[in-house]
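What follows is one structure encoded as structure tokens, with my remarks underneath.
The values are calculated or read from the model by the stated rules, or taken from the named source; none is laboratory data. Just so you know, these numbers come straight off a predicted model, no measurement behind them. Here Cβ is always computed from backbone atoms with ideal geometry, including for glycine, and neighbour counts include all displayed protein chains.
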């Protein structure tokens, strides 16, 4: 599972999950099995190896994302709320987000045409990355991946739990003090603490809970800084007994980039999953009936 939507550092933060108290209620540790717990590093490698196959299956699906963003003042009070709706599809491990509604109003025909053109260019860019072989290089440079966690963190307290009827392996992670990060993504991974839940049979991350345990500075703090406590809640569900797909994200981000500060909450609710087809000609076709 890749933990970023784009090469932006803040987009990477938004897909890194953190604990939200209400989500913990669906976990049932009392139902844990006495079966042996698999080696965590081996399990993480299995998830990593499974990613390409999962990406291909996800390309068959589209869904609806109802998004709410709350801008906060310095005291944490909401000063502005906005809503939007996106059509989500997947291509080559990327999430394609087509805006279809803002603050309860559908886009005008002109704005929809601009959005369609943006999506077309985005898919063409991803296609070129695949064909040139540069996708893996860009991913390693710009995205927080499972491999980053294997290098930068250590894993603690492995146990069996159940989430919505599924047996999962849960374990905590924290910074590996012996590891010296060399890249920004490695620094991001090492700054995080939290918990991961994995479906050991499907080799898929069901939930990833994490938060920044310390302030993270980019360019010695001159370019950007991410404040301690920045957090996101991220969950997936099994769709059509075929693939795990996102259902919910809840983000709190407190950061500064150059002269601009960011202090906001964002909630994403994914629903209405349907089978979807993407062709190499960059045309996105409507959902087909199951």
Assess whether residue 47 counts as being at pLDDT 85 or above, assigned to a helix (DSSP H, G or I) and in contact with a strand residue (DSSP E or B) (Cβ under 7 Å, 6 or more places away or on another chain).
-> yes
Residue in region 171-188 that is crowded, with 20+ Cβ neighbours inside 10 Å, part of a strand (DSSP E or B) and in contact with a strand residue (DSSP E or B) (Cβ under 9 Å, 6 or more places away or on another chain) present | yes
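For every residue, the table says whether it meets (1) touching a strand residue (DSSP E or B) at 6+ places or on another chain (Cβ under 7 Å); (2) more than 30 Å from residue 52 (Cβ to Cβ); (3) at pLDDT 80 or above; (4) assigned to a loop (DSSP other than H, G, I, E, B).
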residue: 225; (1), (2), (3), (4): yes, yes, no, no
residue: 235; (1), (2), (3), (4): yes, no, yes, no
residue: 246; (1), (2), (3), (4): yes, no, yes, no
residue: 251; (1), (2), (3), (4): yes, no, yes, no
residue: 254; (1), (2), (3), (4): yes, yes, yes, no
Mind telling me which of the residues 266, 242 ends up being at pLDDT 80 or above and under 17 Å from the mean Cα position of the chain (by Cα)?
-> 266
Could you check, for region 90-103, whether at least one of its residues is outside any helix (DSSP H, G or I), out of contact with any helix residue (DSSP H, G or I) (no Cβ under 7 Å at 6 or more places or on another chain) and in contact (Cβ under 8 Å) with a residue 24 or more places away in the chain?
-> yes
Being at pLDDT below 90 and closer than 16 Å to residue 155 by Cα is the filter; apply it to region 166-177 and report the residue that is farthest from the chain's Cα centre (by Cα).
-> 177
Could you please find all residues in region 104-120 being in contact (Cβ under 8 Å) with a residue 12 or more places away in the chain and not in a helix (DSSP H, G or I)?
-> 104
Flag for residue 205 being at pLDDT below 80, in contact with a helix residue (DSSP H, G or I) (Cβ under 9 Å, 6 or more places away or on another chain), under 24 Å from residue 267 (Cα atoms) and not in a loop (DSSP other than H, G, I, E, B) | no
Within region 86-108, the residues that are in contact with a strand residue (DSSP E or B) (Cβ under 6 Å, 6 or more places away or on another chain) and surrounded by fewer than 17 Cβ atoms within 10 Å (Cβ to Cβ) are 100, 101, 102, 103
